[in-house]
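Beneath this line is the structure, given in structure tokens, with notes to follow.
Laboratory data are not the source of any read-out in this text; all were calculated from the coordinates shown. All values derive from a computational prediction rather than experimental measurement. Note that we place each Cβ from the backbone using ideal geometry, even for glycine, and neighbour counts take in every protein chain shown.
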Ligand code: SF4
């Protein structure tokens, strides 16, 4: 496939792996966090960790939107969906994310709530037009990548004069989450970040400059293909070896320093910063989530239906909080692969393919088995 195959070339990957091995200083270790769940998935799917020397460790970050959605927000969505006048429109991944006490949207649907899976924001608009006597609520989640499509949807609903349409807004921001990881009480040690691909097409590379200049952490923005990742890791090794801490852009075919100005302007128009937002695993982070701006507040489902903010504790046996902060790996959780599988997720990291536990379940556990056989 054009634009994919050329970034999956085995010979080039082997060459990059050789270059990384040659440059990695055996006297030290390198700990790089890939912020984005798309990168976590790529690392597991293509077995990239197996191509790295033992002293380079990839640490999974919190950049999976489904994984960081706290149980309280799922409970709020269920509360909305159980109102008889509401049709709740959601992306499929959300259906199995655990709320409190084993609740999920899938179970609420089985009990009779009108919850419909959609593939795009336009599906939700169409459902609103087809059901003028019902209230349509779109469950919006995601980082800066998926916020512009939500903005376009709200503008379209406004243009069409839809009065039965609103958004349960759970959009979150990448830089405040990176800041929370670095400033946490018990931070994981990180020598550099692999910066997200799609998020950076929207926000550009400039928002990462404080982490490089102020915190001394190199950042390399990388695409999602295996060669992108290997090249980004090589660039990080070079920066660490040279004592540099800069923002470098491996994903130049899609990312610029300023990002997508039009998308950013649309988002700034339609959304406003929340004072705080709760993240699964990371706690409450200031200025890390979005709500509808005053000019578009009539589309805000939380205001329209007076849903109360809910903060509920995660299942204490689930290690998602430590995994999302890079402190533990999926196999450190005693529920991994026993009580918790993609069919029976106990925590959010086992739901989406971008979640660290789901990625390791799908690809990594076979490599673990092979390693055990080989040793
Ligand atoms: Fe949570 Fe399941 Fe991952 Fe354990 S295996 S950390 S319970 S998602």
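If the elastic network links every pair of Cα atoms under 10 Å, which of 12, 221, 43 fluctuates the most in the Gaussian network model of the chain?
Its mean-square fluctuation being the largest, the pick is 12.
Relative to a virtual label point 7 Å from the Cα of residue 183 in the Cα→beta-carbon direction, which members of the stretch 285-325 show backbone nitrogen distances below 12 Å?
The answer is 285-288, whose backbone nitrogens lie closer than 12 Å to the label point.
Of 326, 72, 283, which is the most mobile in a GNM of the chain whose springs link Cα atoms less than 10 angstrom apart?
283
Compare the peptides 233-245, 137-149 by average per-residue count of other Cβ atoms within 10 angstrom and give them in order, highest first.
With the highest mean Cβ count within 10 Å placed first, the list reads 137-149, 233-245.
Among 37, 112, 195, which one moves the most in a GNM of the chain with springs linking Cα atoms closer than 10 Å?
Ranking 37, 112, 195 by mean-square fluctuation puts 112 first.
Is the C-alpha gyration tensor of the stretch 320-368 telling us rounded, prolate or oblate? Criteria: a/c under 1.5 is rounded; beyond that, a/b larger than b/c is prolate, otherwise oblate. List each step's numbers first, then the result.
Working: a/c = 1.32, a/b = 1.13, b/c = 1.17.
The shape class here is rounded.
Taking the 0 to 90 degree range and rounding to the nearest ten, how far is the long axis of helix 121-130 tilted relative to the main principal axis of the chain, both from C-alpha atoms?
Rounded to the nearest ten degrees, it is 10.
Using the alpha-carbon atoms, what tilt in degrees (0 to 90, nearest 10) does helix 71-81 show relative to the longest principal axis of the chain?
30
Can you tell me what share of the DSSP beta bridges in the chain is antiparallel? A percent to the nearest 5 is fine.
Within the chain, antiparallel bridges account for around 20 percent of the total.
To the nearest 10 degrees, how steep is helix 147-160 against the longest Cα principal axis of the chain, on a 0 to 90 scale?
Approximately 20 degrees, to the nearest ten.
For the stretch 315-373 and the stretch 40-99, compute the distance between their C-alpha centroids and round to whole Å.
Here the answer is 12 Å between Cα centres.
With the calculation restricted to Cα positions, what are the radius of gyration and Dmax of the chain in angstrom?
Taking only Cα atoms of the chain, I get Rg and Dmax of 21.0, 68 Å.
Whole angstrom only: what separates the Cα centroid of the stretch 266-304 from the Cα centroid of the stretch 135-184?
8
Calculate the spin-label point distance for residue 365 paired with residue 12, positioning each point 7 Å from the Cα along the beta-carbon direction, and give it in nanometres.
It is 3.4 nm.
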